[in-house]
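The values are calculated or read from the model by the stated rules, or taken from the named source; none is laboratory data. It should be emphasised that the depicted structure is a prediction, and the values quoted were computed from it without experimental measurement. Positions of Cβ are backbone-derived with ideal geometry, glycine not excepted, and every protein chain shown enters the neighbour counts. When the accessible area is computed, the model is the full protein with side chains, heavy atoms only, and any ligands, DNA or RNA have been set aside. Shrake-Rupley method; radii C 1.70, N 1.55, O 1.52, S 1.80 Å.
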Amino acid sequence: MFEEFFGTFEGPAATALRAVGHGTWPLQPVDREALAAWVALQYLRGEEIRHGQTALDAFHIRILVGTSGKESLRRLIETREGVRLSEEQLDWEWTDLTKPGGPTLEPDPGDHMDFLLRTLPGLTAHLMSWHWTLLKFEDVALGTSDHPVSLVAGDDHPAGMGLGIMTAALFYIPLTQSLGMTIQPRDRFPAALGFVPDQKHVADPEHAKSFNQQTAWSARHYVYCHPDADPFAAPVVLPSPRRHGWTDAGADRMIREEGLFGRLSDEQLAAMPKVLSEDDGPEREGMSLGDLTWPIPRRLGSRPETVVPAAGDENLPGG
């Protein structure tokens, strides 16, 4: 169903791409909008977006469990499942949920498509309003990849900040072997220049190498090129296999078996807002461990099956 939906964007984009190939630039508004929607779609439908959503879900679970502490995790599991956990089982659950990156979750295509549908119109509008430059490459061929839209950071990009739609300085999009396009926010231009119309330039070989390098870095599984060309030869560096994940190294200091607030006195805890409280009352602020869905949906892996019934415990279901 979604592939058919994507086809409604790809057809008009093909018409726009043919116009570019025949020398039309700047594009007419209808073709410019069609190409903007296609670029937005290519970015949003990518595997990296889907895995990024999954990694962010796992990151939130890691923080929620890691700041609540090991004994809070025990109470949650025993209450929800009506079992008594052995130390071995609790250790497995704690280790798996608080490891770097959080628990391993299966990506949810439904969530991905929901995000795409909600984001596509806004991203298309942003791209329409930004500045476009068409680059013609005469001496070096361009390649493409399974993620043909590359986001490029500017020289002023803060260290440690993620790179996304609204923080990138440039979008690189290879169109043909000899044509590439860049899109950039208009606020990247000095205000004194006023409105700068779409432009067309002949690119030098160094720019082609930069273009192909960005394309290679953006790839997830495959890069593509014409059999008579070799755009990804040295000095272009193909990336090594990498793990999808949320950069959460700074969260390590928040993961404590005793809980983030385990060393505070009762008086100090009482003075704090109930952000991590397990109280389910309507006055609670924020999210607590008690809000975590258990068992965790789409979680991969299972703990050792040595469950001891919680007989005689009135606090547990069936006890």
Among the residues of segment 152-164, the number that are touching a Gly at 6+ places or on another chain (Cβ under 9 Å) and surrounded by 14 or more Cβ atoms within 10 Å (Cβ to Cβ) is 0
Specify which of the listed residues (Thr15, Thr8, Thr54) is of a type in the set (Ser, Thr, Tyr), at pLDDT below 95 and out of contact with any strand residue (DSSP E or B) (no Cβ under 9 Å at 6 or more places or on another chain).
-> Thr8
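Going through segment 189-209 one residue at a time, which ones are of a type outside the set (A, V, I, L, M, F, W, C), out of contact with any Asp or Glu (no Cβ under 7 Å at 6 or more places or on another chain) and loosely packed, with under 13 Cβ neighbours inside 10 Å? Before you say what the answer is, go through the steps one by one.
As a first pass, look at segment 189-209 and keep what is of a type outside the set (A, V, I, L, M, F, W, C): 190, 194, 197-201, 204-207, 209.
With the extra rule that they be out of contact with any Asp or Glu (no Cβ under 7 Å at 6 or more places or on another chain), the set shrinks to 190, 194, 197-201, 204, 206-207, 209.
Answer for segment 189-209, where residues must be of a type outside the set (A, V, I, L, M, F, W, C), out of contact with any Asp or Glu (no Cβ under 7 Å at 6 or more places or on another chain) and loosely packed, with under 13 Cβ neighbours inside 10 Å: Pro190, Gly194, Pro197, His201, Glu206.
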Checking Arg62, Arg32, Arg45 in turn, the sole residue that is of a type in the set (Lys, Arg), under 27 Å from Leu135 (Cα atoms) and under 25 Å from the mean Cα position of the chain (by Cα) turns out to be Arg45
Residues of segment 87-124 being under 16 Å from the mean Cα position of the chain (by Cα) and among the aromatic types (Phe, Trp, Tyr), in sequence order, are Phe115
List the pairs whose first member sits in segment 229-242 and is open to solvent by less than 90 Å² (accessible area, probe 1.4 Å), whose second member is of a type in the set (Phe, Trp, Tyr), and whose Cβ atoms are under 8 Å apart, counting only residues at least 6 apart or on separate chains?
-> Pro239/Trp217
Give Val140, Val223, Val149 a once-over and let me know the one that is of a type in the set (A, V, I, L, M, F, W, C), open to solvent by less than 50 Å² (accessible area, probe 1.4 Å) and touching a Pro at 6+ places or on another chain (Cβ under 9 Å).
-> Val140
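What tally of residues in segment 82-121 results from selecting those that are within 24 Å of Thr54 (Cβ to Cβ), in a helix (DSSP H, G or I) and either of a type outside the set (Gly, Ala, Ser) or open to solvent by 60 Å² or more (accessible area, probe 1.4 Å) (or both)? Give the derivation first.
The first filter runs over segment 82-121 and keeps only residues within 24 Å of Thr54 (Cβ to Cβ), leaving 92-121.
Add one more test, that the residue is in a helix (DSSP H, G or I), and what stays is 92-98, 109-121.
This time we only want the ones that are either of a type outside the set (Gly, Ala, Ser) or open to solvent by 60 Å² or more (accessible area, probe 1.4 Å) (or both), so: 92-98, 109, 111-121.
Residues that pass the stated criteria total 19.
One line per residue, one yes/no per condition, for (1) of a type in the set (Val, Ile, Thr); (2) closer than 30 Å to Leu175 by Cβ:
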site: Ala34; (1), (2): no, yes
site: Ala37; (1), (2): no, yes
site: His60; (1), (2): no, no
site: Ile63; (1), (2): yes, no
site: Leu76; (1), (2): no, no
site: Gly82; (1), (2): no, no
site: Asp96; (1), (2): no, no
Which number in (1) assigned to a helix (DSSP H, G or I); (2) in contact with a helix residue (DSSP H, G or I) (Cβ under 8 Å, 6 or more places away or on another chain); (3) without any contact (Cβ under 8 Å) to a residue 12 or more places away in the chain marks the one condition that Glu3 misses?
-> (2)
Any chance Gly82 is small (Gly, Ala, Ser) and closer than 30 Å to Ser218 by Cα | no
Just checking, how many residues over segment 40-74 are surrounded by fewer than 18 Cβ atoms within 10 Å (Cβ to Cβ) and among the hydroxyl-bearing types (Ser, Thr, Tyr)?
-> 0
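So that you can scan it fast, the table gives a plain yes or no per residue for (1) more than 28 Å from Leu27 (Cα to Cα); (2) at pLDDT 90 or above:
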| site | (1), (2) |
| --- | --- |
| Gln199 | no, yes |
| Ala203 | no, yes |
| Glu206 | no, no |
| Phe261 | yes, no |
| Pro273 | yes, no |
| Pro295 | yes, yes |
| Leu300 | yes, yes |
